[in-house]
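**Student:** Below: one structure in structure tokens.
The values are calculated or read from the model by the stated rules, or taken from the named source; none is laboratory data. Treat the numbers as computed from the prediction; the structure is a model and nothing was measured. Counting neighbours? That spans all protein chains shown, and the Cβs are built from the backbone with ideal geometry, glycine included.
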Amino acid sequence: MQQNLRLRWTSDQLAPHLRTGRLGEKTAERYLQRKGYRVMSKNVRIQSDEIDIIVFDPTDRVIAFCEVKTRDKDDPDYRPDLNVTPDKRQHIIRAARRWVSEHGWTGGYRVDLVYVAAGRVIDHVQEMNWE
Amino acid sequence: MLTKLTSFTTIGLKSERITVEIGATPGEGTITIVGLGDMAVQESKQRVKLALRASGYRIPTGRSITVNLAPANIKKVGPRFDLPIAVGLLAMYDLVDLKSEKLQGVAFLGELALDGTLRHVSGVVSAAISCRAHGIHTLVVPSVNGPEASLVPGIRVIAPENLRELIDIFLDLRQPDPIMPPASSAVHGSPVIDFADVRGQQQAKRALEIAAAGGHNVLLSGAPGSGKTLLAQALRGILPPLSREESLEVTQIYSVANLLPNDLPLIADRPFRTVHHTASGVSIVGGGQIPGPGEISLAHRGVLFLDELAEFPPTVLDVLRQPLEDRRITITRAQGTVTFPADVLLVAAMNPPQWAPGNARKIHRRISKPFLDRIDLTIDVQPVPIEDLRQEQESIAESSASILDRVVRARGMQARRFAKRSICTNKEMGIRDIRDFCLLESASEELLKQAAERLHLSARSYHRTIKVARTIADLSESQIIRTPHVAEALQYRQNIGLDT
């Protein structure tokens, strides 16, 4: 199944909404690399949850788990963060915790949200889990 | 990584020293505030995060931060810990060059706005007083609280507008703005109603003068429209100004109650609190889950005015009995016990029984004998004839200023007399003070004895009559209480139809 998806992603026959998401992740990745983050892993599935991009932040020396939310158009009334529901937040945080414990990472980590609209990153929320 | 800062929390009127400890370990990027904080304390983390960002600081991510407010067994309320937490985070991450020696002996209080400006907090005067007791040399408060904090001598007050300004002051990049000290002898608020404007009512005016001079409690009884409320309000104008210490006491209470006006950091006028008869007992004596001062404490060193006394529920009047006697109120709740000062001059006004709805017996049930016992002066306010009101006799009525002059002189006499005791007015005299200071002529002694028998005066009433006589003697600047003084004092124990 997973193999299958990965094949389809490279093809042009992807459904339009999945295509948007896929392009958004690419844009986010380039943005994160430009900021000096080192991309460790992408589209990591941890049980039922998925982490879009895992990067290493060399400034703070922490791992950042990034969730990318993409929109086709940059509409202030329809921002990407509207789709980050409390449930979704919990899933991302849960996935991050699982990854950390599975990989035995003892340093710091955080969960980031990267918003992409109209082909560019419009916001990068760091440490979403601060509360 | 660990930083320690000092702050204060208010319990009753006192301030307790709180150590704000901040530590961080690599982790999920969360912040936890422990140490029995309420919601406002918990929400502090959101304000601090954004305020730091708005001030241009970026805290490293991916750290689990723990803020400990010690001692952990004291409940902490309010947003006052925002500032110490923010400064602590900056110091811990070495974002600014704040050496721990620089934070030694400095206490922080302040709520942060999301843009980094500092907002008003309550109880600053109490905290400033506590600073001295704990050997803290500098107190940092929001700029609006600056004048309030600077009332307490002996500590350095820094009152910045925002977080950035504070850091610049700490790094010696700028000098703190000088704090405008509040006018030390603020103008005694011009009385709204001058006694010269009140026609007639000579006896009532005289009684209020005695009340102002000795701090005695007054009951004004009179037909509707006879001018009771007017007279009570005019009393404001003949009360002596607050001394510096009294001012500080009153300011401290208002600061804790968060009722201090921003433009008036020092309360220089005697408070005058009017309580409506629908007020609850707790609102008058104070209380609440976290005990706060009530009307009787807010009227400390001033006047507590109960209009329409007969309409107050008996339970509400009876809670006043003890604080009127003790001049302080102790509130006990599951959280603990706090004591607030409650030294008030009680002024009550009511319609006489024949005018009141219901009958005399009903009023008698409502206003208990023990409560009436605590009233020193009872005045029957007679309606002023219409012809007198129309007359243009400006010269006859005495102005508040000249009455105030007599009152101040009488208070001066009392202050000299009680210099070695811990009291300052006649009403505060205990049994021993009465024995020592109330020298009665033999004739006046005899008169008092006869009156006590005839009027069935209780021991408390008897002593209160002597205290009033002492004040009357003070007003005529006599060291000895003579017969006319006692006779006048007895006159104010008159029957207004409440005694059976």
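**Student:** So is B:Arg464 assigned to a helix (DSSP H, G or I) and more than 14 Å from B:Glu488 (Cα to Cα) or not?
**Tutor:** Criteria not met by B:Arg464.
**Student:** Confirm whether A:Ala64 is assigned to a helix (DSSP H, G or I), on the phi < 0 side of the Ramachandran plot, of a type outside the set (Ser, Thr, Tyr) and crowded, with 19+ Cβ neighbours inside 10 Å.
**Tutor:** no
**Student:** Let me ask something else. Hey, can you tell me all the residues within the stretch B:37-52 that are in a helix (DSSP H, G or I), surrounded by fewer than 19 Cβ atoms within 10 Å (Cβ to Cβ) and more than 10 Å from every other protein chain (Cβ to nearest Cβ)?
**Tutor:** Those that are in a helix (DSSP H, G or I), surrounded by fewer than 19 Cβ atoms within 10 Å (Cβ to Cβ) and more than 10 Å from every other protein chain (Cβ to nearest Cβ): B:Met39, B:Ala40, B:Leu50.
**Student:** Starting from the stretch A:63-76, keep only residues that are within 14 Å of another protein chain (Cβ to nearest Cβ) and under 30 Å from A:Tyr109 (Cβ atoms), then list their pairs with residues that are hydroxyl-bearing (Ser, Thr, Tyr) and part of a strand (DSSP E or B) whose Cβ atoms are within a distance under 8 Å, requiring at least 6 positions of separation or different chains.
**Tutor:** Filtered contacts from the stretch A:63-76: A:Ile63/A:Tyr109; A:Ala64/A:Tyr109; A:Phe65/A:Tyr109.
**Student:** Out of B:Lys99, B:Lys49, which single residue is within 30 Å of B:Gly135 (Cβ to Cβ) and basic (Lys, Arg)?
**Tutor:** Unique residue meeting the criteria: B:Lys99.
The rows are residues; the columns are (1) surrounded by fewer than 16 Cβ atoms within 10 Å (Cβ to Cβ); (2) in contact (Cβ under 8 Å) with a residue 60 or more places away in the chain; (3) away from every other protein chain (no Cβ under 14 Å).
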{"residue": "B:Glu16", "(1), (2), (3)": "no, yes, yes"}
{"residue": "B:Thr19", "(1), (2), (3)": "yes, no, yes"}
{"residue": "B:Ile31", "(1), (2), (3)": "no, no, no"}
{"residue": "B:Tyr57", "(1), (2), (3)": "no, no, no"}
{"residue": "B:Val67", "(1), (2), (3)": "no, no, no"}
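**Student:** Considering each residue of the stretch B:139-180, count those that are closer than 14 Å to B:Val121 by Cβ and of a type in the set (Gly, Ala, Ser), and give that number.
**Tutor:** Count: 4.
**Student:** Which residue out of B:Gly215, B:Gly288, B:Gly281, B:Gly225 is surrounded by fewer than 22 Cβ atoms within 10 Å (Cβ to Cβ), touching a Ser or Thr at 6+ places or on another chain (Cβ under 7 Å) and not aromatic (Phe, Trp, Tyr)?
**Tutor:** Testing whether each residue is surrounded by fewer than 22 Cβ atoms within 10 Å (Cβ to Cβ), touching a Ser or Thr at 6+ places or on another chain (Cβ under 7 Å) and not aromatic (Phe, Trp, Tyr) leaves just B:Gly281.
**Student:** Hey, can you tell me all the residues within the stretch A:39-62 that are touching a strand residue (DSSP E or B) at 6+ places or on another chain (Cβ under 6 Å) and either of a type in the set (S, T, N, Q) or over 17 Å from A:Val100 (Cα atoms) (or both)?
**Tutor:** A:Ser41
**Student:** Within the stretch B:462-497, how many residues turn out to be at pLDDT below 85 and either under 29 Å from B:Gly412 (Cβ atoms) or in contact with a Leu (Cβ under 6 Å, 6 or more places away or on another chain) (or both)?
**Tutor:** Qualifying residue count for the region: 1.
**Student:** Further question on the same structure: Kindly indicate the residue of the stretch A:88-131 that is at positive phi and within 14 Å of chain B (Cβ to nearest Cβ) and also surrounded by the fewest Cβ atoms within 10 Å (Cβ to Cβ) among those meeting that condition.
**Tutor:** A:Gly104
**Student:** When only residues in the stretch B:128-171 that are of a type in the set (Ser, Thr, Tyr) and closer than 17 Å to B:Ile18 by Cβ count, which is surrounded by the fewest Cβ atoms within 10 Å (Cβ to Cβ)?
**Tutor:** Restricting to residues being of a type in the set (Ser, Thr, Tyr) and closer than 17 Å to B:Ile18 by Cβ, the top hit is B:Thr138.
**Student:** Run B:Ser100 past the list (1) closer than 27 Å to A:Thr106 by Cα; (2) surrounded by fewer than 17 Cβ atoms within 10 Å (Cβ to Cβ); (3) among the hydroxyl-bearing types (Ser, Thr, Tyr) and report the number of the one that doesn't hold.
**Tutor:** Condition (1) is where B:Ser100 drops out.
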